[in-house]
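Trainee: Here it is, the structure in full.
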Amino acid sequence: MVGNGLCKFRKNMMKIFTYTFLTLILVSCSNAQDISSNDDEKVYKEYNWRLVTSWPKNYPGLGMAPERIADLVEEMSNGQMKITVFGAEEQVPAFGVFDAVSNGSHQMGHSGGYFWKGKVPAAQFFTSVPFGLTADEINAWVNRGGGLELWREIYAPFNIYPIPAGNTGTQMFGWFNKEINSLEDIKGLKMRIPGIGGEVLKEAGGIPVTLPGGELFTALQTGVIDATEWVGPYNDLTFGFHQAAKYYYYPGWHEPGPMLELLINKDAWESLPKHLQVIIETASKAVNQDMLDEYLAKNNQALTELVNVHGVELRKLPDDVIEEFRKISNKILNDLSEEDETIAKVYSSYLKFKKDVSAYHKISEDAFIEARNK
Ligand code: CA
């Protein structure tokens, strides 16, 4: 009896097991079919995306970076993905790029994070902060030092996926119609200077304004602003600032190595097949370096023209003025860190990286450059 019972039990168990096993196979097959048909659709579909920027159309350096990304993506994807690039104001205002990508009216944008300081104060660290990281250093922090993870975390609530996409290298302090001999000369000065650099100018008694690049020449020429920073000789020459201001000051303490950003609407990003995501990341990485190379190759040539052909007076800020700006910058960065939890998190990562990389650069690049230039 016991033997028969056991046998019946085994038979029943086998039936249940076989049924469950077959059901699992059928379910997994039908899932596989669903996934595979979705994947096929994603993998072979053609994508036509629109990219808005904060720069004039085809503007050297800044405006060409998104054009190059678009060209590379189209070539690497064998025409599967086409990106149409729009200059500032063509579809959205220069400073409307973040919102356009966030709300999905456009899948992509190209801009600088410090323009969104009113909305995402911590975004400024991913462009440039005064006396902060140089181009090589911010590349290392973002790509290999934990910066990118923080950046993606703080843009996620805005439904945006950021990718590093360009760097101008160390900028110039900018264009002035009077000499800056002490901090007194900053008082009451209305200057176009974005980001935390603007906060520093304000603390020093100046009046910072943020205007898109395309409006700067007229604003300077008509006296709407007294002074402006923009980028460096290569770009500043194309805007003709030398026709509206006499003195060209350095160093650009406020923007030591600003990183630009490719903004992608997160839903659009997630709708892409993996290979197109890899192509976009790779194209952006190539352009991030290519833009820096372009500025480095062209800046001195443009500076020589500004000084020798256009008679621009090149001036270094007095050491004590730079020291004052440095003290104010550190105070502002610490205050911001105390007021804003996200800034505290980002700044602590940024600051630790800066300390470590500066310590190493002292005995590597800094020491070598000093030796080479003697
Ligand atoms: Ca600038």
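Trainee: Let me spell it out: the conditions are (1) within 16 Å of the ligand (Cβ to nearest atom); (2) within 24 Å of the chain's Cα centre (by Cα); (3) part of a helix (DSSP H, G or I), and Ala302 meets all of them except one. Which number is the exception?
Mentor: (2)
Trainee: When you scan segment 296-313, do you find a residue that is open to solvent by 70 Å² or more (accessible area, probe 1.4 Å) and within 20 Å of Trp151 (Cα to Cα), even just one?
Mentor: no
Trainee: Right, something else. Among the strands (runs of 3 or more DSSP E) contained in segment 129-196, which hold 1 or more residues that are open to solvent by 20 Å² or more (accessible area, probe 1.4 Å), more than 12 Å from Met259 (Cα to Cα) and of a type outside the set (Phe, Trp, Tyr)?
Mentor: 190-192
Trainee: Return yes or no: is Lys374 out of contact with any Asp or Glu (no Cβ under 7 Å at 6 or more places or on another chain), of a type in the set (Lys, Arg) and either part of a helix (DSSP H, G or I) or within 20 Å of Thr168 (Cβ to Cβ) (or both)? Quick ask: steps written out before the conclusion?
Mentor: Numbers: out of contact with any Asp or Glu (no Cβ under 7 Å at 6 or more places or on another chain): yes; of a type in the set (Lys, Arg): yes; either part of a helix (DSSP H, G or I) or within 20 Å of Thr168 (Cβ to Cβ) (or both): no.
So Lys374 fails the test.
Trainee: Test Val224 against the stated conditions and say whether it is among the aliphatic types (A, V, I, L, M), free of Cβ contacts under 8 Å to residues at least 60 places away in the same chain, in contact with a Ser or Thr (Cβ under 8 Å, 6 or more places away or on another chain) and open to solvent by 10 Å² or more (accessible area, probe 1.4 Å).
Mentor: Values: among the aliphatic types (A, V, I, L, M): yes; free of Cβ contacts under 8 Å to residues at least 60 places away in the same chain: yes; in contact with a Ser or Thr (Cβ under 8 Å, 6 or more places away or on another chain): yes; open to solvent by 10 Å² or more (accessible area, probe 1.4 Å): yes.
Yes, satisfied.
Trainee: Let me ask you something else. For residues that are small (Gly, Ala, Ser) and within 30 Å of Tyr155 (Cβ to Cβ), scanning just segment 220-270, find the one that is nearest to the chain's Cα centre (by Cα).
Mentor: Filtering first and then ranking leaves Gly257.
Trainee: Return the residues of segment 225-247 that are touching a Lys or Arg at 6+ places or on another chain (Cβ under 7 Å) and of a type outside the set (A, V, I, L, M); say none if nothing qualifies.
Mentor: Asp226, Thr228, Glu229, Tyr234, Tyr247
Trainee: Output the residue which, of all residues in segment 107-119 that are more than 16 Å from the ligand (Cβ to nearest atom) and open to solvent by less than 10 Å² (accessible area, probe 1.4 Å), is farthest from Trp55 (Cα to Cα).
Mentor: Here the residue is Met108.
Trainee: Would you check if Ala344 is of a type in the set (Gly, Ala, Ser) and within 22 Å of the chain's Cα centre (by Cα)? Talk me through it step by step, then tell me what you get.
Mentor: Numbers: of a type in the set (Gly, Ala, Ser): yes; within 22 Å of the chain's Cα centre (by Cα): yes.
Against the criterion (of a type in the set (Gly, Ala, Ser) and within 22 Å of the chain's Cα centre (by Cα)), Ala344 qualifies.
Trainee: Here's another thing I want to ask about it. Kindly indicate the residue of segment 234-275 that is open to solvent by less than 10 Å² (accessible area, probe 1.4 Å) and in a helix (DSSP H, G or I) and also farthest from the ligand (Cβ to nearest atom) among those meeting that condition.
Mentor: Across segment 234-275, the extreme among qualifying residues is Phe241.
Trainee: Evaluate segment 328-340: report whether one residue or more is surrounded by 14 or more Cβ atoms within 10 Å (Cβ to Cβ), in contact (Cβ under 8 Å) with a residue 40 or more places away in the chain and within 19 Å of Glu179 (Cβ to Cβ).
Mentor: no
Trainee: Okay, next question. Report the residue count in segment 200-215 for those that are within 15 Å of the ligand (Cβ to nearest atom), open to solvent by 10 Å² or more (accessible area, probe 1.4 Å) and over 20 Å from the mean Cα position of the chain (by Cα).
Mentor: Start the filter on segment 200-215 by keeping residues that are within 15 Å of the ligand (Cβ to nearest atom), which leaves 200-201, 208-215.
Those left that are additionally open to solvent by 10 Å² or more (accessible area, probe 1.4 Å): 208-212, 214-215.
Then keep just the ones that are over 20 Å from the mean Cα position of the chain (by Cα); that gives 208-209, 215.
So the answer is 3.
The values are calculated or read from the model by the stated rules, or taken from the named source; none is laboratory data. This structure is a prediction, so every number in the text was calculated from the model and none was measured. Virtual Cβ from ideal backbone geometry, glycine too; neighbours counted across all protein chains shown. These accessible areas exclude ligands, DNA and RNA; they are computed on the full protein's heavy atoms, side chains included. Shrake-Rupley method; radii C 1.70, N 1.55, O 1.52, S 1.80 Å.
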